[in-house]
There are 2 protein chains.
Amino acid sequence: MRRDVFQAIADPTRRAIIMLLAVGALTPNAIADHFDTSRQAVSKHLRILTECEILVQEQQGREIHYHLNAGKMKDLEKWLEQFKQLMAKRFDQLDTVLEQLKSKGK
Amino acid sequence: MRRDVFQAIADPTRRAIIMLLAVGALTPNAIADHFDTSRQAVSKHLRILTECEILVQEQQGREIHYHLNAGKMKDLEKWLEQFKQLMAKRFDQLDTVLEQLKSKGK
DNA sequence: TATATGTGCAATCAATCGGTTTCGCAAATG
DNA sequence: CATTTGCGAAACCGATTGATTGCACATATA
């Protein structure tokens, strides 16, 4: 079972959950209140998010508080950064070409 | 059919294709050479990436060159930025709380 | 013109996804 | 001690996914 940040954020409900928990930890019921789906459906999303370590559980009596593990989002950030660097390098090469054309034009 | 950047980058092959094309435009066959799957499978990924406007086709004779539309990745960047801002705000609040505790301690 | 090449598209299939319903269990509450 | 509450797990279901295979159709090439 593939379980990474990329697959986790593919679902809009999960993205919304991440945003919710970015503000502060919540229990499953509290989270489910924000959505139209059942608590169980939300619970499934929480399981997926926990499995790929985006969320962390904190048991308090019979309640479970889901916390965000912000560090995991770095995986996404890293990939995006890598992509942007590749693009930047490409534009640098383009700049070089343009520069060469310019100097030849003289 | 959901077709957004988030769903597009959920698949590892598609992420690899994006990275490939970040370096420069390629034809489907050239792209498929980099993977173990069939050309048709790659072609499907290209269709998905094109549908959500991450890729743009450029016909040249019987060849099709797939270009990256780097701008589309902004959707992802925006979401990530929004997330980071929420987290930052939370830490600001935490700072405030700590500040209050400190002044009370005096 | 006959053949090879580059490509998209449709049919098909097993696997996965996201949802609901039902259940079980431990912790709070009366 | 009985009941309510908060939660996860399992069974099930239709829809979607990612892959393969086979085909059609243009454009090059001999």
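The values are calculated or read from the model by the stated rules, or taken from the named source; none is laboratory data. Worth saying up front: this structure is predicted, and the values here are computed from it rather than measured. Methodologically, a virtual Cβ is constructed for each residue, glycine included, from the backbone with ideal geometry; neighbour enumeration extends over all protein chains shown. Surface areas here come from the heavy atoms of the whole protein model, side chains and all, with no ligands, DNA or RNA. Shrake-Rupley method; radii C 1.70, N 1.55, O 1.52, S 1.80 Å.
Before moving on, here are some points about what is shown:
- For the protein assembly as shown, the dipole from Cβ point charges (+1 on Lys and Arg, -1 on Asp and Glu) about the Cα centre works out to 120 debye, to the nearest 20.
- Highest average packing first - A:21-30, B:91-100, Cβ atoms within 10 Å: A:21-30, B:91-100
- Magnitude of the charge dipole for region B:5-105, about its Cα centre and with charges confined to Cβ atoms of Lys, Arg (+1) and Asp, Glu (-1), is about 280 debye.
- When the listed pairs A:LYS74/A:LYS102; A:LYS44/A:LYS78; A:LYS44/B:LYS102; A:LYS78/B:LYS102; A:LYS44/B:LYS84 are checked against a 32 Å cut-off, the alpha-carbon distance exceeds it for A:LYS74/A:LYS102; A:LYS44/B:LYS102; A:LYS78/B:LYS102.
- Residues along region B:57-99 losing 40 Å² or more of accessible surface when the other protein chains are present rather than the chain by itself (probe 1.4 Å): B:MET73, B:LEU76, B:GLU77, B:TRP79, B:LEU80, B:PHE83, B:LEU86, B:MET87, B:ARG90
- Normalised contact order of chain B, rounded percent, pairs of Cα under 8 Å and 6 or more residues apart: 25 percent
- Of B:PHE35, A:PHE6, the residue with the largest accessible area leads and the full order is B:PHE35, A:PHE6 (1.4 Å probe).
- Share of carbon and sulfur in the accessible heavy-atom surface of the protein assembly as shown [1.4 Å probe, %]: 51 percent
- Calculated label separations, B:ALA30, copies of the chain, 7 Å along the beta-carbon direction, nm: 5.3
- The interface between chain B and chain A buries about 2700 Å² of solvent-accessible area in total (1.4 Å probe, ligands and nucleic acids excluded).
- Label spacing, shortest first and in nm, from A:LEU94 to its equivalents in the remaining copies (7 angstrom along Cα→Cβ): 4.0
- For chain A, accessible area per residue (1.4 Å probe, heavy atoms of protein chains only), Å²: 62 Å²
- Axis-nearest residue of B (beta carbon) for the B-onto-A rotation, whole Å: B:ALA10, 2
- Karplus-derived 3J(HN,Hα), 6.51/-1.76/1.60, for each residue of region A:67-82, Hz, glycine and proline x: 9, 7, 9, 4, x, 4, 5, 4, 3, 5, 4, 4, 4, 4, 5, 4
- Across the identical copies, how the B:GLU53 labels are spaced - nm, sorted shortest first, 7 Å along Cα→Cβ: 3.6
- Zone residues, region B:33-74, relative to A:LEU101, backbone N less than 13 Å from point 7 Å out along Cα-to-Cβ: none
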